[in-house]
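Chemist: My questions will all concern the structure given below.
The values are calculated or read from the model by the stated rules, or taken from the named source; none is laboratory data. Predicted model, so just to flag it, every value in this text is computed and none were measured. Cβ placement follows ideal geometry from the backbone for every residue including glycine, while neighbour counts extend to all protein chains displayed.
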Amino acid sequence: MNKEIWKHPKQESSLDEAEVPLWFWNAKLEKGELFRQLELQTEVGVKATNPHARTENGAGYSGGYLDEEWFSHMKTVLDYKKKHGEKMWLYDEIDWPAGTCNKTITENEKYREQYITIDKIPVPAGVPFRLQLRTFEGAGMFGMTPETDYSAIPLNIHILDKETGKPFPLSDSFLYGIFGPELEFKSNRDAEAYVTHIHVDAYEYGGDESVNYLDKNATDAFLRSTYEKYYEQMGQDFGSTVTTVFNDETRMCNAIPWCREFPEVFRKRHGYDIRQELYRIILPGTENGRIRVDYYDTVAYLYQTRYFKRIHSWCEKHNLKFFAHLLAEETLFGHVRYSGDYMRQNRYQDIVGADYLGKGIGSLNLKFTSAAAHSYGKKMTAVEIFAGCGWDLTFDEYTRMITFAFQQGMQTIINHGFFYSTEGERANDWPPSEFFQWKYWNRQSDGNNMIRRLQYAMSGGINEADVIAYLPTETLQMHCIPDQNFTHAFSHGPFLRDDRAVHVDREIQLLFQSMLSANIDFELLHRDAIGNFAVRDGKITNITNGQRFSVLLLPMCEVLPLGMAKLAEAFAAEGGRIVLVDDIPSLGTDKSEDKEICRIMGDLSDTGSIFVCSSEDKNQILKILNDSIPHPVVITRGVSGTVNQHPSYPAYLIDPYMHTGEDLTGVQFVRYLKDGMRNTLFMNYGSNPETIEVRVQTKGEIPEIWDTLTGEARKAEVVTREEYAYVIRMQLPCNHGVFIVSSC
């Protein structure tokens, strides 16, 4: 790294998008005031901005949207940016979530989210039960006769024996009248009827912001209404001054999302008609759980390809980068409920994003996001941060949160936000404003320098982690029975009712947090990215970016894709170490894979290539991992890890997750490889400075200490020198990070 850039990071234009605040347009805009606020941003080094009109929570934006007035304001910003050689992003919505074009797309019912509800109705023995028969899609039975082949017509009802769970043949209970068959069922055994319905919410009652993200036609309508208008007005500056589009907080609103092409896509992916089996996803048990795995897989696939891929393709064609962050990245439960599979939704993003609400630190959501980015070989990540921190946010808390974000793999800071106005209720719109209204605005230039230095040291290379873990999303999907009583936006949402789901969701958090607390960094593999990894020279290697891993961790993987099992087999064949937690996988993502999964795992067990640990014994897991990985950087004296005061969330969904009240203490470090150098970022999360000694492997000169806030760069204090390492002493300040910079 260049020390001049480190000392004077504002002079390096390639770092101008290290900080890109959401600039809240929350009042009537005036050209002179827009210029004044742009100049204030430039003065402190904030040379990229993202105008974002807000009308919710009494925020008070006054003006048109995507009309002549709107684009006159955007042109004011664009002209300023062009004149000063700066950048701007486009926020593709007014308020949020993205995809509604100010809630006009959803005026058309066919673009609103479709969803299924499944009613469970007890049918006591000996009591007749009648139902007006309909097809799964809700059509009547007109014209159907006893000669009709009902096996080819998915109906909206199934009746099961209450004790055995076996379905009754319904055609034996059909009565035929002038309107076609009707149902009258009676049995000498207790039964349960399951009746499915397809819904679309009324516009006035939540439908206005419930876009069907599984429907490509809704996405195309959004592109026409919003993206094409920006291209018409500003397209000549796409890729130069206008660089990126921001897509905010999309999600599945309802528990069982649906779309018109769902059955066809599902059949192509899984080989059977989901309409005949869908009622089973609310039932417990392994066989029903496998239906859930297939169902959530299809949700994730449609979300990925019908929404994110189409927007990304448009951006790529028009020379823009695409940034998005989703909802509920914090837990596996949130991953499944809101995205089908959260990790998969990052494939078609250029800048992979997360959201971080509240001033507490310690959540895994940023780690999930950066790991998803790395699994696809993405070169940049970003986090929207500081919403809900409150007006009492101090500068020390500000720099502490930024450093935590970078340690978790974020590379760009998106301030939430820079308020155009704080008059009246505007000041209460998820404060604070880190703009001129903030009492620490006089330190914002220092903060911008720090952010630039962090991006400079931690972009353009790769995160150096030693452990690759498979995220057991499919296992959670198998046990995650959808709760139809909740949509979104609640502090205390639906419980995970299945004990196994509760265990997996909780223990994956506790395991990963214990690893981070012990300074054992890791990356995550998932179903959609397995093809990006291969075994090379005894290491699992990410072939998209060159990351190499010494240990494979398979935690709570009751279900495992065959491709992942084969990767584990190849790794073991070259001497790789594999650690299993709780389960030896026995199920594939398809039944046809089960036998081969069991064979591979049996062979690995026979050869002694795997260690099987209990999730209850984190110390054993950490010891095996520590004994199995190289330690090019290790703390040899002083505080050597962190304590997380909030290592897991309760077994219910929260929307949104607020991180206020979470905290870390102790010392954490992460390693980043760039241009033949190892940049190791240390952060002291305690309330007092800490002196530590660190052993650093290097064949080069004495390692150096580079301070992210002051810009100081100096030789480290050497305690002892070894043949290929130095033991150095360093003092860690509170609330901002320092790098050990060494050759590797």
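Chemist: Kindly establish whether residue 107 is more than 26 Å from residue 276 (Cβ to Cβ), in contact (Cβ under 8 Å) with a residue 60 or more places away in the chain and either surrounded by fewer than 16 Cβ atoms within 10 Å (Cβ to Cβ) or aliphatic (A, V, I, L, M) (or both).
Modeler: It is true that residue 107 is more than 26 Å from residue 276 (Cβ to Cβ), in contact (Cβ under 8 Å) with a residue 60 or more places away in the chain and either surrounded by fewer than 16 Cβ atoms within 10 Å (Cβ to Cβ) or aliphatic (A, V, I, L, M) (or both).
Chemist: Being assigned to a loop (DSSP other than H, G, I, E, B) and farther than 30 Å from residue 313 by Cβ is the filter here; which residues of region 168-221 pass it?
Modeler: 168, 169, 178, 179, 186, 187, 188, 189, 190, 202
Chemist: Condition first: more than 30 Å from residue 625 (Cβ to Cβ) and surrounded by 21 or more Cβ atoms within 10 Å (Cβ to Cβ). Now tell me which residues in region 443-476 satisfy that.
Modeler: 444, 447, 448, 449, 450, 451, 452, 453, 456
Chemist: Output the qualifying pairs, or none if there are none: Cβ atoms under 6 angstrom, residues six or more apart or on different chains, first residue in region 568-597 and farther than 20 Å from residue 469 by Cβ, second residue part of a loop (DSSP other than H, G, I, E, B).
Modeler: If the second residue must be part of a loop (DSSP other than H, G, I, E, B), the pairs left are 594/588.
Chemist: Out of everything in region 553-570 that is in a helix (DSSP H, G or I) and closer than 23 Å to residue 628 by Cα, what residue ends up being nearest to the chain's Cα centre (by Cα)?
Modeler: Here the residue is 564.
Chemist: Is there a residue being touching a residue at least 24 places away in the same chain (Cβ under 8 Å), of a type in the set (Val, Ile, Thr) and not in a strand (DSSP E or B) anywhere in region 451-458?
Modeler: The answer is yes; a qualifying residue exists.
Chemist: A further question follows. Just checking, does region 196-205 include any residue being polar (S, T, N, Q) and within 30 Å of residue 83 (Cβ to Cβ)?
Modeler: no
Chemist: To continue, here is another question. Go through the residues of region 301-316 one by one and say whether even a single one is touching a residue at least 40 places away in the same chain (Cβ under 8 Å), assigned to a loop (DSSP other than H, G, I, E, B) and in contact with a strand residue (DSSP E or B) (Cβ under 6 Å, 6 or more places away or on another chain).
Modeler: The answer is no, given that none of the residues of region 301-316 is touching a residue at least 40 places away in the same chain (Cβ under 8 Å), assigned to a loop (DSSP other than H, G, I, E, B) and in contact with a strand residue (DSSP E or B) (Cβ under 6 Å, 6 or more places away or on another chain).
Chemist: When region 224-251 is examined, which residues are found to be buried (at least 20 other Cβ atoms within 10 Å of the Cβ), farther than 23 Å from residue 655 by Cβ and either aliphatic (A, V, I, L, M) or in contact with a Ser or Thr (Cβ under 8 Å, 6 or more places away or on another chain) (or both)?
Modeler: 242, 245
Chemist: Okay, next question. Residues in region 101-113: is at least one at pLDDT below 95, out of contact with any Gly (no Cβ under 8 Å at 6 or more places or on another chain), of a type in the set (Asp, Glu) and at negative phi?
Modeler: no
Chemist: Being modelled with pLDDT of 95 or more and closer than 23 Å to residue 220 by Cα narrows it down to one residue among 293, 242; which is it?
Modeler: The conditions single out 242.
Chemist: Which residue is farthest from residue 359 (Cα to Cα), if the candidates are limited to region 685-703 and must be under 35 Å from the mean Cα position of the chain (by Cα) and surrounded by 12 or more Cβ atoms within 10 Å (Cβ to Cβ)?
Modeler: 697
Chemist: Filter region 362-408 down to the residues that are among the small types (Gly, Ala, Ser), closer than 22 Å to residue 520 by Cα and either without any contact (Cβ under 8 Å) to a residue 60 or more places away in the chain or surrounded by fewer than 24 Cβ atoms within 10 Å (Cβ to Cβ) (or both) and list them by number.
Modeler: Selection gives 362, 373, 377, 405.
Chemist: On the basis of being in a loop (DSSP other than H, G, I, E, B), within 29 Å of residue 392 (Cβ to Cβ) and hydroxyl-bearing (Ser, Thr, Tyr), does residue 640 make the cut?
Modeler: So residue 640 does not fit the description; no.
Chemist: When you scan region 339-361, how many residues do you find that are surrounded by fewer than 24 Cβ atoms within 10 Å (Cβ to Cβ) and not acidic (Asp, Glu)?
Modeler: Total satisfying the criteria: 5.
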